[in-house]
Amino acid sequence: KRKMILDLDTGIDDAMAIAYAVGAPDVDLIGIISSYGNCLVDQAAINSLQILELLGATDVPVFLGEPHSSTTEHFDVMPISQQIHGMNGIGDVNLPEPKRAVEKQSGVDFLIDAVHQYGADLTLVPTGPLTNLAEALEKAPDIASTIGNVTLMGGALTVPGNVSHYAEANINQDAEAANAVFTSAMPLTMVGLDVTLRTLLTKTETQQWRDLKTTAGAKFADIVDYYIAAYDITSPDLHGCALHDPLAVGVSLDPSFVTTLDLNMYVQASGEDYGRTIGDPARLNDPTNVTVALTVDKDRYLKTFMNYLTTLFKAH
Ligand code: BDR
Ligand code: CA
């Protein structure tokens, strides 16, 4: 089984990423780090604990990450995030108070220790800002060459951004951190809007969860229906909601869901294109540092996604 850590700003698609990792038969989810973004960092940690309990995965520890980027003093949730993920990050659906508490060790230290312990056997999937990973890199630069794989949800190469014309939300929260990660030479795969906006879920699928007549099925249907309703308003042409974060987990386990291009990329950290993930022609002869997902076999992915989540929800 693959050792995996998720680093999430636990909103609705992050919650589906947790379910994918818990439901995948070949994953040993050793911990979740929380980040800010769709909600505040403390709320993200609570949401992760609640989702894990809903899925019966109470053995997975949750660690607190950084509350904001290192270039800002504090973080406020953007109104658009509240519109898409609800005030509590999980569609304003109420879940029971988590029984398990957040761990005392910081998320950054947990990540560093895990890389030192598992090295090449460890996969990290960040689906929020890259602040925690950049902080870990600064404290322990050796992790760049020892971690097995980092498959992140973030960025956009062939499509415009979703928070500005250039920038995708996760990268835009902390472009400095993202640039430090992109240029660190760690084994990196970027699962950006190029593929996630082409991998959609509809109410047909959430109805299948509701029909299971289990608590997990009903709660996940409620949570994801909130997200679909928000997409119907903000992106009516898509006819569904984007499976951003669970696609990154899927690609980390089975890279054949996507076709890729290896590039030398950096992240623009100033100016009007702040947050842009871009290949630099001046660096064409430099070694590539990012494997970028360009196309996706969405039908095969969706089949696997539904198989893992439905099997899991049926049991809880
Ligand atoms: C990303 O931003 C967050 O709102 C989502 O959870 C996803 O990780 C999409 O741009
Ligand atoms: Ca996310």
So is Leu8 under 22 Å from Leu253 (Cα atoms) and within 13 Å of ligand 2 (Cβ to nearest atom) or not? yes
Within segment 176-204, restricting to residues that are small (Gly, Ala, Ser) and within 16 Å of ligand 2 (Cβ to nearest atom), the one that is farthest from Gly250 (Cα to Cα) is Ala177
Residue that is surrounded by the fewest Cβ atoms within 10 Å (Cβ to Cβ) [pool: residues in segment 61-102 that are small (Gly, Ala, Ser) and within 19 Å of Ala178 (Cα to Cα)]: Ser70
Of all residues in segment 36-60 being closer than 16 Å to Gln105 by Cβ and within 15 Å of ligand 2 (Cβ to nearest atom), which is surrounded by the fewest Cβ atoms within 10 Å (Cβ to Cβ)? Val41
Just checking, how many residues over segment 232-262 are of a type in the set (A, V, I, L, M), surrounded by fewer than 24 Cβ atoms within 10 Å (Cβ to Cβ) and within 16 Å of ligand 1 (Cβ to nearest atom)? 3
Do we find that Asp109 is at pLDDT 95 or above, more than 16 Å from ligand 2 (Cβ to nearest atom) and either of a type in the set (Val, Ile, Thr) or in contact with a helix residue (DSSP H, G or I) (Cβ under 7 Å, 6 or more places away or on another chain) (or both) in this structure? no
Scan segment 245-256 and give yes if some residue there is more than 16 Å from ligand 2 (Cβ to nearest atom) and aliphatic (A, V, I, L, M), otherwise no. yes
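Hey, can you tell me all the residues within segment 127-154 that are in a strand (DSSP E or B) and either over 11 Å from Ala178 (Cα atoms) or free of Cβ contacts under 8 Å to residues at least 40 places away in the same chain (or both)? Steps first, please.
Just the residues of segment 127-154 that are in a strand (DSSP E or B), to begin with: 149-153.
Correct list: Asn149, Val150, Thr151, Met153.
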If we keep just the residues of segment 266-297 that are surrounded by fewer than 19 Cβ atoms within 10 Å (Cβ to Cβ) and small (Gly, Ala, Ser), which is farthest from Thr183 (Cα to Cα)? Gly271
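Are there helices (runs of 4 or more DSSP H) fully within segment 1-86 with at least 2 residues that are among the charged types (D, E, K, R), away from ligand 1 (no atom under 16 Å from the Cβ) and modelled with pLDDT of 95 or more? List them. Working first, answer last.
Working: elements: 12-23, 41-54, 79-85.
Filter on segment 1-86 gives 41-54.
The values are calculated or read from the model by the stated rules, or taken from the named source; none is laboratory data. Note that the structure is a prediction, hence the values are computed from the model and not measured. Don't worry about glycine lacking a Cβ; one is built from the backbone with ideal geometry, like all the others, and counts go over all protein chains shown.
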